[in-house]
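Notes follow once the structure below has been shown.
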Amino acid sequence: MTTTRFAPSPTGHIHVGNLRTALMNYMIARKAGGTFILRIDDTDQERSKQEYIDQIQRDLEWLGLTWDRIEYQSKRLDRYAEAADKLREMGRFYEAFETPTELDLKRKKQLNMGKPPVYDRAALALSEDEKATLRDERGPGVWRFKLDHERIEWEDGILGHTSIDAASVSDPVLIRADGQVLYTIASVVDDTEMGVTNVVRGSDHVTNTATQIQIIRALGGVVPEFAHHSLLTGPQGEALSKRLGVLSIKDLRAQGVEPMALLSLMARLGSADPVELRTDIDALIEGFDISRFGAAPTKFDERDLFPLTAHYLQQQPLSAVADDIAALGVPDELAQRFWTVTRDNITTRHDLAGWWAMCREGATPVVAEEDREFVAQALEMLPPPPFTDDTWANWTAQVKEATGRKGKGLFMPLRLALTGQKSGPDMSDLMPLLQKMPQIG
Ligand code: GLU
């Protein structure tokens, strides 16, 4: 059965880049009627925080990306220790004692000689006595996985045929000197034991994949299908890494971005298919095909989220925003009208507050000098609120007759006086919502 997972490290908030990974894995599982696992990669106990775990769940729930199971790596440490023992028995695991400074020096020397900075496996030559001495002097070493120096190849769901020479990669450290199990092995053990069939992740993991394929094989697991999506850049192709902090799902939500706007963009961005607003996630799943995605960096511009958000809101019934509208204090009997009048004139649901303030308190009128007298005269003819559906038609007809103005010269100054804006809702519809007479100074 198709099984995928989204495996965030709870060391910060998830952002649009993570969302892309989550969404692709989610869609693969749902499309196949399979299982989607939320896996919390929390082996780094110092940097992992409960508040991030909670926020990740809130973010995914808000987006509607429901998971069938949640797993925590911190609860599976015994499984990883067992796998490590297995690798040790097989002679695929060795202890190394170089300090970070020594490793750095080695890398610099290699680079100076024009060689790739690959770990030289000096630790493999250590005798048991030498290791014991180093252990006494420096404490326990790190544990490295001994790669087989062969070409590691796989058919990548996005990159196509991919091949990496294992000799160009350092033997990965799987256990740190302080005993902390690292993601590289934990992930392999989990993917194998949880029956993960498809792994989609960012192309920054391509080298990891090569080493993980060897570890999976060493442990006797089945290699899943891998796909590596491109990384996001800013609109000009600039690195997004520094800005990802402000592109968290939580912040975008706070800015009023709608989940379906975000999902519609992220489900197609970087693919051969156009970005179109979908109002439910099933429609996105139906049209999703990972082979349509390209390997080139994908430009992301958060400004694209706002027209999609506006478009989404325009299609929503009152029930989608009823809570927000009630929270503003709009009386129930005006709620439907308020929504009908405003939904084409907002970008996000936060804009509703401005419209309600205008209805309740009156807008700051905008009156051109040459219209001052006309507007004053017209306002004298306006009966006080409550206004009705007919107020605008009756009033403007009377004003027209009294002043001889018509068309734009009649309507525009009145709209500006009542709303402070040149365009906006149909005035006949809006009038019954206005609770105060405009005051012009
Ligand atoms: N915790 C890893 C990350 O966030 C997971 C990578 C993977 O999907 O294997 O980068």
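The values are calculated or read from the model by the stated rules, or taken from the named source; none is laboratory data. The structure presented is a predicted model; accordingly, all values stated were derived computationally and were not measured. Ideal geometry is used to build each Cβ from the backbone, glycine not excepted, and the neighbour counts take in all protein chains shown. SASA here: full protein model, heavy atoms, side chains in, ligands and nucleic acids out. Shrake-Rupley method; radii C 1.70, N 1.55, O 1.52, S 1.80 Å.
Multiplying the sequence separation of GLU276 and GLN421 by 0.36 nm and subtracting their Cα-Cα distance, what value in nm do you get? Intermediate values should be presented prior to the final figure.
Numbers: separation 145, 0.36 × 145 = 52.20 nm, distance 3.02 nm.
Value of the extension gain: 49.2 nm.
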- prompt: Averaged per residue, what accessible surface does the stretch 341-421 expose to a 1.4 Å probe, in Å²?
  reply: 53 Å²
query: Using alpha-carbon positions, what is the distance between the centroids of the stretch 243-315 and the stretch 5-74, in Å?
result: 18 Å
query: Between the DSSP loop rule and a limit of at most 12 other Cβ atoms within 10 Å, which GluC sites (Glu not before Pro) in the stretch 1-86 are left?
result: GLU46
statement: Under a Gaussian network model of the chain whose springs join Cα atoms within less than 10 Å, the largest fluctuation of SER74, SER48, SER127 belongs to SER127
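Okay, helix-only estimate at 222 nm for the chain: each DSSP H run of n ≥ 4 adds -39500 (n - 2.57), divide by all residues, round to 500 deg cm²/dmol; what do you get?
-13000 deg cm²/dmol
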- request: Mind checking which lysines have their Cα closer than 24 Å to the Cα of LYS299? Skip sequence neighbours fewer than 8 apart in that chain.
  value: LYS242, LYS250
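Mind checking the stretch 67-131 for chymotrypsin sites (Phe, Trp or Tyr not before Pro) that DSSP puts in a loop (not H, G, I, E or B) and that have at most 13 other Cβ atoms within 10 Å? Write down the numbers at each step before the final one.
On the way: sites: TRP67, TYR72, TYR80, PHE93, TYR94, PHE97, TYR119; in loops: TRP67, PHE97, TYR119.
Taking the stretch 67-131 and a limit of 13 other Cβ atoms within 10 Å, no loop chymotrypsin sites (Phe, Trp or Tyr not before Pro) are found.
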- prompt: Pairing the Cα long axis of helix 77-89 with the longest principal axis of the chain, what angle in degrees results, from 0 to 90 and rounded to the nearest 10?
  reply: 30 degrees
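Just the number, please: carbon plus sulfur as a percent of the accessible area of the chain, 1.4 Å probe, no ligands or DNA/RNA counted.
Numbers: 10420 of 21150 Å².
Carbon and sulfur: 49 percent of the exposed surface of the chain.
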message: Quick check on the stretch 140-251: what are the equivalent-ellipsoid semi-axes from the Cα gyration tensor, as sqrt(5λ), descending, whole Å?
response: 26, 19, 15
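Strictly over 26 Å apart at the Cα level, which of LYS75/LYS131; LYS109/LYS146; LYS49/LYS146 would you flag in this model? Walk me through the numbers before you get to the answer.
Numbers: LYS75/LYS131 31 Å; LYS109/LYS146 22 Å; LYS49/LYS146 32 Å.
Flagged as over cut-off: LYS75/LYS131; LYS49/LYS146.
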- line: Taking Cα atoms, the helix 206-218 axis meets the longest principal axis of the chain at an angle in degrees (rounded to 10) of 50 degrees
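Compute the Rg to Rh ratio over the chain from the alpha carbon atoms, using the Kirkwood formula for Rh, and round to two decimal places.
Values: Rg = 30.8 Å, Rh = 26.3 Å.
Using Cα coordinates only, the ratio equals 1.17.
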query: Can you list the GluC sites (Glu not before Pro) in the stretch 178-248 that are in a DSSP coil and have 16 or fewer other beta carbons within 10 angstrom?
result: GLU238
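Which longest run of the chain has no exposed loop site in it, a site being trypsin sites (Lys or Arg not before Pro) in a DSSP loop with at most 16 other beta carbons within 10 Å, and the site itself not part of the run? Mind showing how you got there, number by number?
Details: sites that count: ARG47, LYS49, ARG121, ARG176, LYS406, LYS422, LYS436.
In short, 177-405.
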message: Using a probe radius of 1.4 Å on heavy atoms only, what accessible surface per residue do you get for the stretch 50-115? Whole Å² is fine.
response: 61 Å²
Accessible heavy-atom area order of LEU105, LEU265, LEU126, highest first, probe of 1.4 Å: LEU105, LEU126, LEU265
